[in-house]
1. Given the conditions (1) closer than 24 Å to E192 by Cβ; (2) touching an Asp or Glu at 6+ places or on another chain (Cβ under 7 Å), report the number of the one that V67 does not fulfil.
2. For segment 169-213, which residues satisfy the criterion of being surrounded by fewer than 16 Cβ atoms within 10 Å (Cβ to Cβ) and among the small types (G, A, S)?
3. Quick one: which of A89, A119, A78, A115 is out of contact with any helix residue (DSSP H, G or I) (no Cβ under 8 Å at 6 or more places or on another chain) and at pLDDT below 95?
4. Any residue in segment 7-18 that's touching a residue at least 24 places away in the same chain (Cβ under 8 Å): show its pairings with residues that are part of a strand (DSSP E or B) and of a type in the set (K, R) at Cβ separation under 8 Å, as long as the two are six or more apart or on different chains.
5. State yes or no: is V43 in contact with a Gly (Cβ under 8 Å, 6 or more places away or on another chain), closer than 25 Å to G164 by Cβ, surrounded by 21 or more Cβ atoms within 10 Å (Cβ to Cβ) and aliphatic (A, V, I, L, M)?
6. Could you check segment 90-114 and list, in sequence order, the residues that are among the charged types (D, E, K, R) and under 21 Å from P25 (Cβ atoms)?
7. Yes or no: segment 183-192 includes at least one residue that is closer than 19 Å to M96 by Cβ, assigned to a helix (DSSP H, G or I) and touching a strand residue (DSSP E or B) at 6+ places or on another chain (Cβ under 8 Å).
8. Given segment 47-164, what helices (runs of 4 or more DSSP H) lie entirely inside it while holding 2 or more residues that are without any contact (Cβ under 8 Å) to a residue 40 or more places away in the chain and surrounded by 14 or more Cβ atoms within 10 Å (Cβ to Cβ)?
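The values are calculated or read from the model by the stated rules, or taken from the named source; none is laboratory data. Note that the structure is predicted; figures quoted are calculated from it, not measured. Glycine also receives a Cβ, built like all others from the backbone with ideal geometry; neighbour counts cover every protein chain displayed.
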Amino acid sequence: MTATRPEVQRPVVVVPTYDEIENLPVLLERLHAAAPQAHVLIVDDGSPDGTGVLAQERADELPWVHVLHRTSKDGLAAAYLAGFAWALARDYDAVMEMDADLSHHPEDVPRLLAALTSADVVLGSRWVPGGGVENWPLHRRVLSRGGSFVARIALEMSLRDATGGFRAYRRDAMTRLDLASVASRGYVFQIELAHRALDAGLVVTEVPIVFTERVHGVSKMSGGIVRESLTRLTWWGAERRLSRLAVAARRRGDRGPSRAAQAS
């Protein structure tokens with residue numbers, strides 16, 4: 001039986017942004033209405049459309065909005081890691097992550113936070129019963145489902161949606177993920193953190209969400225991101241199996257020569 005954990009009292013939602021000036025005001029309004037106890041950290045990678053300026057204006061007006069300005073766009077993982085470090089340096093008891101483009105519904109935030117009373121990490125999942133996607137083209141469905149399938153095979157994970165970026169972590173769980181050694185740059189970062197959580201013995205659960213394709217702005221998905229994902233998953237899977245073979249070989253060596261060898 002999973003132990004009950006304290007209810008989350010002071011969460012922060014980390015939201016990376018790059019050219020999201022049309023979506024950000026709507027996101028903040030809906031998020032505060034759905035989860036008024038949550039703070040929001042906007043991590044802006046020097047958006048040329050003025051998203052960072054707008055975020056700073058909101059932060060100057062609203063005590064629950066914060067901004068971390070970065071000068072270059074060097075990958076989703078770098079933005080999230082900077083945001084996580086900022087959050088862990090403060091007294092938040094849970095850290096969430098979500099997209100700025102309204103593909104993740106702010107109204108689902110309370111459900112993810114509530115699920116942290118029985119889990120260390122909660123994944124918003126499109127591919128469990130009750131979850132789904134809206135207005136997604138076929139190739140995006142194939143990429144998402146295929147990425148999670150490859151992750152399950154390569155890393156021997158039971159998670160149905162390991163690639164999603166709508167998540168909640170208890171503070172003490174996040175501190176066990178060794179974030180300083182994360183090497184991923186793009187969306188495979190999500191798979192890496194899920195894998196690390198499971199390997200650390202944390203309780204990871206999935207709750208259904210509906211993912212809606214963005215209306216404003218342009219998707220950040222690219223061929224390079226897909227290639228990085230496939231390359232890293234292949235490497236991690238091979239490394240995992242080689243490590244297991246090495247452990248088995250050491251155990252055989254520890255048991256000494258076989259009876260047949262001794263008899264000879």
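1. So V67 meets the others, but not (1).
2. If the condition is that a residue be surrounded by fewer than 16 Cβ atoms within 10 Å (Cβ to Cβ) and among the small types (G, A, S), then A180, S181, A183, A200, G201 are the ones that fit.
3. Residue meeting the stated conditions: A78.
4. V8/R170
5. yes
6. E97, D99, D101, E107, D108
7. Yes, the conditions are met somewhere in segment 183-192.
8. Ranges flagged: 51-61, 138-155.
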